[in-house]
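I have placed the structure first, in the form of structure tokens, so that the comments after it can refer back to it.
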Amino acid sequence: MHLASRSRPAPGFTLIEIMVVMVLIGIITSFAVLSVGGGPRDRLAEEARRLAALVELHQQEAILSGELRSIRFTRTGYAVLNQNERGEWQPPTADALLIRHELPNDLTLGLWVENRPVDLSAPAWPQVLLQNSGEATEFVAVFSQADDRTSDAPRYRVAGDALGRLTVSEVKR
């Protein structure tokens, strides 16, 4: 009596096993990339876009509400303010994320208003006015890394003109 030999599976991995491992590696890599974040240029560009979006939002709010708005810049962040009945600048009644932003510790901010540099060490007054007509104070805010002052260090700028138009760009040297 001859017994048919049973075929044994060949040693190795199946296609399904390999695909599952590849998917797991992809997911782990995605989390690693997201947790590390982008490079310095990406972070500076993100901060510049965030400021531009905030300014645009509050320009529209100023027009719709008929109230004056302003922005007070410091080396480490900025805050949007509006004027109360007594003429004092105070934060508007809104979500804090939409009126104040602190920069990460390794980033810094420089400001020029009407082509003059502004000292941001302890500003008493807001430097940029957003009028209810849509006009604004001319300004240039430059984001850079706090510990990199070399000439080729990445920098991003947000510029606003008197008509309230904004541009975001990388500073080229």
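One table, with the values for the structure above:
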quantity: Under 12 Å, Cβ to Cβ, from D161 - net charge with Lys/Arg +1 and Asp/Glu -1; calculated: -2
quantity: Counted charge near A53, where neighbours are those whose Cβ lies closer than 13 Å (Asp, Glu -1; Lys, Arg +1); calculated: -2
quantity: ³J(HN,Hα) computed for each position of the stretch 154-162 - Karplus, 6.51 cos²θ - 1.76 cosθ + 1.60, integer Hz, glycine/proline x; calculated: x, 9, 10, 10, 10, 10, x, 9, 5
quantity: Other-chain or far-sequence residues with amide H under 5 Å of V171's (modelled H); calculated: R155, Y156, R157
quantity: Residue-span extension gain [L24 to H101] - 0.36 nm each, minus C-alpha spacing; calculated: 24.1 nm
quantity: Ranked packing of 14-26, 49-61, most packed first, by mean Cβ within 10 Å; calculated: 49-61, 14-26
quantity: 5 angstrom amide H check on E138, placed H, neighbours 5+ away; calculated: E114
quantity: Measure of compaction for the stretch 53-173 (Cα Rg per 2.2 N^0.38 Å); calculated: 1.06
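Rule-based calculations on the coordinates, nothing more; no lab input. The structure displayed is predicted, hence computed values, not measured ones. Counting neighbours? That spans all protein chains shown, and the Cβs are built from the backbone with ideal geometry, glycine included.
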